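What follows is one structure encoded as structure tokens, with my remarks underneath.
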Amino acid sequence: MGTYTATLRWERGEHSFTDDRYSRGHRWTFDGGVTVPASASPQIVPLPDSVAEAVDPEEAFVAAVSSCHLLTFLAIAAKRGFRVDTYVDEAVGYMEKNEAGKLAITRVVLRPAATYSGDKLPTQKDLEYMHHRAHEICFIANSVRSEIVTEIVS
């Protein structure tokens with residue numbers, strides 16, 4: 001159906017590197033031209049060798065899962081005639097040992113809260129159906145082994 005590209009660029013700079021003291025800061029450039037500062041998580045590589053202000057792969061993974069769910073949910077809601085005004089998800093990913101004993105993001109919990117307007121407002125049953133359907137259709141959710149849980153806030 002398509003290909004998606006990202007170019008990652010890292011440079012050693014003045015660090016000696018072989019002493020394991022070097023910046024994990026790097027850049028992600030996407031096919032649309034956007035560049036994002038990235039780094040190892042400070043939870044994994046302590047400061048100053050990581051960059052706290054940059055996106056780390058674990059955060060990006062959680063954001064990708066949440067973003068895919070959001071976009072799929074919006075498409076479903078629009079087709080069902082519900083006008084979504086806002087959507088906020090404070091998603092959380094959990095790093096734990098998986099069944100093989102390796103560290104992995106084993107679970108992502110989505111907490112979508114949306115507001116609606118217009119004559120047709122969704123019921124709790126509508127919300128449950130649309131979020132369930134969004135999870136089934138989401139390309140990213142279909143691509144990962146992590147458990148993805150949706151806790152509807154509104």
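The values are calculated or read from the model by the stated rules, or taken from the named source; none is laboratory data. All values reported here derive from a predicted model rather than from experimental measurement. In this analysis, Cβ positions are derived from the backbone assuming ideal geometry, glycine residues included, and neighbour counts consider all displayed protein chains.
Just to check your reading of the model, which residue among 147, 58, 151, 96 is under 23 Å from residue 28 (Cα atoms) and touching a strand residue (DSSP E or B) at 6+ places or on another chain (Cβ under 8 Å)?
58
Name the residues in the stretch 73-103 that are under 18 Å from the mean Cα position of the chain (by Cα), buried (at least 16 other Cβ atoms within 10 Å of the Cβ) and in a strand (DSSP E or B), would you?
87, 89, 93
Taking the residues in the stretch 3-31 that are aromatic (Phe, Trp, Tyr) and surrounded by 13 or more Cβ atoms within 10 Å (Cβ to Cβ) as candidates, determine which candidate is nearest to residue 53 (Cα to Cα).
Looking at residues that are aromatic (Phe, Trp, Tyr) and surrounded by 13 or more Cβ atoms within 10 Å (Cβ to Cβ), I get 28.
Looking only at residues that are within 16 Å of the chain's Cα centre (by Cα) and of a type in the set (Lys, Arg) in the stretch 104-125, which one is farthest from residue 141 (Cα to Cα)?
Per the stated criteria, the residue is 111.
Here's a check for you: in the stretch 93-148, which residue that is hydrophobic (A, V, I, L, M, F, W, C) and touching a residue at least 60 places away in the same chain (Cβ under 8 Å) is nearest to residue 77 (Cα to Cα)?
134
From the list 67, 117, 50, 143, which residue is assigned by TED's automatic domain parsing to the domain that holds residue 16 and of a type in the set (Ser, Thr, Tyr)?
50
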